[in-house]
Ligand SMILES: [Zn+2]
């Protein structure tokens, strides 16, 4: 099994990068390059990944995985992610540190026990 070498995000330390790679990229294959750096589908900072991205998010949620550090959301969050806001999914510890919400985000009527948004771009 080859380790994912996703670049995760520009401007973070190698330590943070390694940690978020373990939590978020896990065993995702490399998806595409952006400005020379390789990214998994979750971290790839381009809007041209929509359907692949939603598939990856669906798989993540199916596995009750709430780690979204540095994830690049290309669409308005969460409108296009079916089932995303069901309470049984989000009354957990969702982590969005360093995430980018390219088209904005709405957490209206969302209850989070804990949500980390350190460095997130809303
Ligand atoms: Zn990644």
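The modelled label-to-label distance between residue 30 and residue 47, using points 7 Å beyond Cα along the C-beta direction, is 2.7 nm.
The listed peptides 57-64, 40-47, 5-12, ordered by packing as a protection proxy, come out as 40-47, 5-12, 57-64 (highest mean of other Cβ atoms within 10 Å first).
Taking other C-beta atoms within 10 Å as the exposure proxy, 17, 95, 33 rank 33, 17, 95 from fewest upward. As a rough footprinting exposure proxy, the listed residues 102, 35 were ranked by other beta carbons within 10 Å of their own, and the order from fewest upward is 35, 102. Stretched out straight at 0.36 nm per residue, the stretch from residue 37 to residue 55 would grow longer than its current Cα-Cα span by 4.2 nm.
All of the numbers you see were taken from the coordinates with simple rules; none came from a lab. None of the values given here were measured: they were computed from a predicted structure. As a convention, Cβ positions derive from the backbone with ideal geometry for all residues, glycine included, and neighbour counts pool all protein chains shown.
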